[in-house]
1. Would you pick out the residues in the stretch A:170-195 that are within 11 Å of chain B (Cβ to nearest Cβ), of a type outside the set (A, V, I, L, M, F, W, C) and either assigned to a loop (DSSP other than H, G, I, E, B) or touching a Pro at 6+ places or on another chain (Cβ under 9 Å) (or both)?
2. Can you find even one residue in the stretch A:119-136 that is away from chain B (no Cβ under 14 Å), in a helix (DSSP H, G or I) and in contact with a Phe, Trp or Tyr (Cβ under 8 Å, 6 or more places away or on another chain)?
3. Go over the candidates B:Asp149, B:Asp177 one by one and state the one that is more than 14 Å from every other protein chain (Cβ to nearest Cβ), among the charged types (D, E, K, R) and not in a loop (DSSP other than H, G, I, E, B).
4. For the stretch B:126-135, name all the residues that are closer than 20 Å to A:Asn327 by Cα and open to solvent by 70 Å² or more (accessible area, probe 1.4 Å).
5. When you check A:Phe233 against the structure, is it in contact with a Pro (Cβ under 7 Å, 6 or more places away or on another chain) and either free of Cβ contacts under 8 Å to residues at least 60 places away in the same chain or buried (at least 21 other Cβ atoms within 10 Å of the Cβ) (or both), yes or no?
6. Kindly indicate which of A:Ile10, A:Ile4 is facing another protein chain (nearest Cβ under 10 Å), open to solvent by 60 Å² or more (accessible area, probe 1.4 Å), under 30 Å from B:Leu397 (Cβ atoms) and at pLDDT 90 or above.
7. Give me the pairs: first residue in the stretch A:291-315 and at negative phi and among the β-branched types (Val, Ile, Thr), second residue open to solvent by 90 Å² or more (accessible area, probe 1.4 Å) and not in a helix (DSSP H, G or I), beta-carbon distance under 8 Å, and six or more apart or on different chains, which are they?
8. Has the stretch B:55-75 got at least one residue that is open to solvent by 20 Å² or more (accessible area, probe 1.4 Å), closer than 30 Å to A:Glu197 by Cβ, within 14 Å of another protein chain (Cβ to nearest Cβ) and not in a loop (DSSP other than H, G, I, E, B)?
Amino acid sequence: MINIFLIVLIKIFAVVLIMLWVTIGVSIVYRRRRTKNLLLIEKTFAEVISKHLYPYPGEELSLVEIQRIFRNVGIIPSKPRNVQYLIDLMIRTQRSLLGENYEKLVVLFNQIPPYGASVSKLKSTKWYVKARGIREIYEMDQTRYVKEVIKERNNRNIYVRREAQIAMVIFLGWESLRFLSYLKREMTLWQQIKIVEKLHDLYPEPNLQYLRRAYESEKTYANELIMRIIRKFNLITEVDYILQFVDNRNFDTRESAIYCISSFYLSNSQLKLLKEKYFKVPNVSQQIQLLKYIDKISFDKDLEFYKKLLYTADDIIKLSTAEILWNNGYKEEVQEFYYQQYTNQSLKVEDSL
Amino acid sequence: MSFDILYYTYFIVKFSFLLYGLILIFIYSSGILLSDRAVKRNKKRAHFLQVNDIVSATDIPSVTLVAPAYNEGKTIVENVKSLLAIQYPFYDLLIVNDGSTDNTMQLLIDKYDLEPFDTTFSTQPIPTATVNRIFKSRKAQYKQLTVIDKNNGGKADAINAGINFAASELILCTDADCIIEQDALLKMVRPYLEESDQEIIACGGAIGIANDSVISNGTIKELRLPNDMIPMIQVVEYIRAFLIGRMGWGEINGLMLVSGAFGMYPRNRLIDVGGYDAKTVGEDFDLCIKLRVHMEQIKKPYKVVYVPETLCWTEAPPDYDIFIKQRDRWARGLIETLFIHKKLFLNPKYRNVGLFFIPYWFFFEFGAPIVEFLGLISLIVFGIFGLINWTTALLLLFSVYLFGCIFSTVAIFFYVKSFKHYSTSKQVTELLLAAYLEPFLYHPVLVYAQIKGYYKILFNIKSGWGVMKRRGFKTID
């Protein structure tokens, strides 16, 4: 009985193995053919786009001609993967174009099949299709779909909401910050970086009215994002906002605050406040970062502050403080601290030796 | 009466082995499903965070690559050149000369025009062997290079010295003789950029085998499959371990090991746990457990992740002799680390780590060679007493062999489907053949090496890292 079962099992395993071999074979052949096909599409696209953007006089390609050329290489609605590849090529190309050529490419994007491919992706239940659709909408400047995109700003999937929030910044600029208080879910570091970058690239003139309105948000990611914006746009008037987070309970928020404040010089009162907050920072590495920053921006060394650290702080901070004092000419203070470490008892031991 | 006892013993032993085997088959099958899901998802996610975007980004975390070097005079200059060429906007390279007795240090000083700088006030949060000097290059093109010259303390101690002196948010630990893909950091940093409510405490990348491949300017010019059978089988083993094993475990946040040859960690967490343990030969396994235990203790949500792409290439042991030494060391590292962290075993305080992951490592990673060894002995003993039905035993053996073949074939299929490294029919056929020969030419030696390692631990036979002779890569100018 067992033997029969085992023989059946072996037969099943053998069939599975043969099926796997066939699948691997098919996969290799498919990949080879697909690569060839994609290369052909890429080559055709390069030729069409160069002729479309930089035509010889009298040899401009008409829309019908372009559509026919693409159709001949398999860009038809029944082959969505080919269409997607073409869309990806257009997005890649538009990143290196500006002005009139960019406009021409965007117009072409809207005129070739399948029409409305990006917005139709927003209806998909698959997160990556939806996120891709949003990305295509903002990359190809399809402003008319902004409402549909904004609806996705609190999507459960992190990629969908990230793309939607980036799209909001691209389409609405500084005004998009007013949504910050109403966002319900976490924002990743990359999301913050992209938002700041897009804001800086597309709307270089800061609008403090919207920024200050966003200060009301109590969410950690919103605080971090605002700090990054202040840093990127070098908004000296807003430094106090960053300062309040230097001793925040959250490690990452403190990290962002220390990172962002490091690109500013502080007024005397701000520096005083920072020194007060310094003692409330619970992490030694961050305290050292702050110490180096305080040293960098202080014209006059606050001996009292450094002495306090030298005699009361953690060993690593003591060493860093000693380095600062030594390099700034306070060698006697460092030596005094050094010698006072030897207690009478240890000196007696040396004496007896 | 005595026959009855023998028969009952046989019955119990037989079903214990069967149960063990079935659980293992269930775990492996689950691994296939989980890794398939993980690899697909990873591919989709990568579309939304492409390396080109990261290259041009500001505000991304800074990374220091720490590479210990011990007596690597023959290759150190080229290796450093290769490591300096890695693409990342905020990148430092820290080479730690771990008391080399050859000309490693002098070569670095001469080639990279190094000069020592004042270290009077340098701080060392993790204690290490004495650091003698720290060098920086005078040349602007090598400004991201720092070389630490310290007394010998072993690989773990050298990396700890690097962690101490690094000033970045993230640390990538690797070996100076590994070949790192130029865009490796950009890919490794992705999980950190995308972390949300769970802190990423460690990120590993798949490691590939580059024996007999052609290397030029520190990068792989032409990836070839190894000519010898032993490294060839290890290619399959690595594919299986990284693509199915680690990706699968990563999917349920059950990764307990990030390879010492290629792992990225937040510096603050490394300092929190005191860096690597220089006393064990399984320091990478130990570090990952320490990090997880730390996060469990401070009750912060965390994640250990794996990047499925092969970003680091290494040279595998080319013959049985070196292979046995390597696996004997790995086995010792495993047992030492499990012993160090014995308090975690079935301890509900450490949640999944204590209740599932550590017991898995105990029963199925540490236990598997012992079970195999005992299985062989049982087969002989019960065979002598005539209790074994040899037809059934052979059929069972063949079905287990076929299952193993299916498992390896699926791993190769996943790899061929997802990556372009081994894409020709010839290469795939060679990999499949190696996979099917593995149980005969490789696995028995592996079990022997592991049992040898356990034996050394059991009888307290001192044995450190051992000398790993390497043939070196084929390089062209």
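The values are calculated or read from the model by the stated rules, or taken from the named source; none is laboratory data. Model, not experiment: these values are computed from the prediction. Glycine gets a Cβ as well: all are built from the backbone with ideal geometry, and neighbour counts include every protein chain shown. Please note that ligands, DNA and RNA were not included when accessible areas were found on the heavy atoms of the full protein model with its side chains. Shrake-Rupley method; radii C 1.70, N 1.55, O 1.52, S 1.80 Å.
1. Listed by number, the residues that qualify are A:Arg185, A:Glu186, A:Thr188.
2. Yes; the residues of the stretch A:119-136 include at least one that is away from chain B (no Cβ under 14 Å), in a helix (DSSP H, G or I) and in contact with a Phe, Trp or Tyr (Cβ under 8 Å, 6 or more places away or on another chain).
3. Details: B:Asp177 fails: not in a loop (DSSP other than H, G, I, E, B).
The unique qualifying residue is B:Asp149.
4. B:Arg133, the sole residue that qualifies.
5. On the way: in contact with a Pro (Cβ under 7 Å, 6 or more places away or on another chain): yes; either free of Cβ contacts under 8 Å to residues at least 60 places away in the same chain or buried (at least 21 other Cβ atoms within 10 Å of the Cβ) (or both): yes.
Criteria met by A:Phe233.
6. On the way: A:Ile10 fails: open to solvent by 60 Å² or more (accessible area, probe 1.4 Å).
Selected residue: A:Ile4, the only one of A:Ile10, A:Ile4 that is facing another protein chain (nearest Cβ under 10 Å), open to solvent by 60 Å² or more (accessible area, probe 1.4 Å), under 30 Å from B:Leu397 (Cβ atoms) and at pLDDT 90 or above.
7. Correct list of pairs: A:Ile297/A:Tyr265.
8. Of the stretch B:55-75, the ones open to solvent by 20 Å² or more (accessible area, probe 1.4 Å) are B:55-56, B:58, B:62, B:70-72, B:74-75.
With closer than 30 Å to A:Glu197 by Cβ added as a condition, the list becomes B:55-56, B:58, B:62.
Checking the rest, the ones that are also within 14 Å of another protein chain (Cβ to nearest Cβ) come to B:55-56, B:58, B:62.
Imposing the further condition that a residue be not in a loop (DSSP other than H, G, I, E, B) reduces the set to B:55.
Yes, the stretch B:55-75 contains at least one residue that is open to solvent by 20 Å² or more (accessible area, probe 1.4 Å), closer than 30 Å to A:Glu197 by Cβ, within 14 Å of another protein chain (Cβ to nearest Cβ) and not in a loop (DSSP other than H, G, I, E, B).
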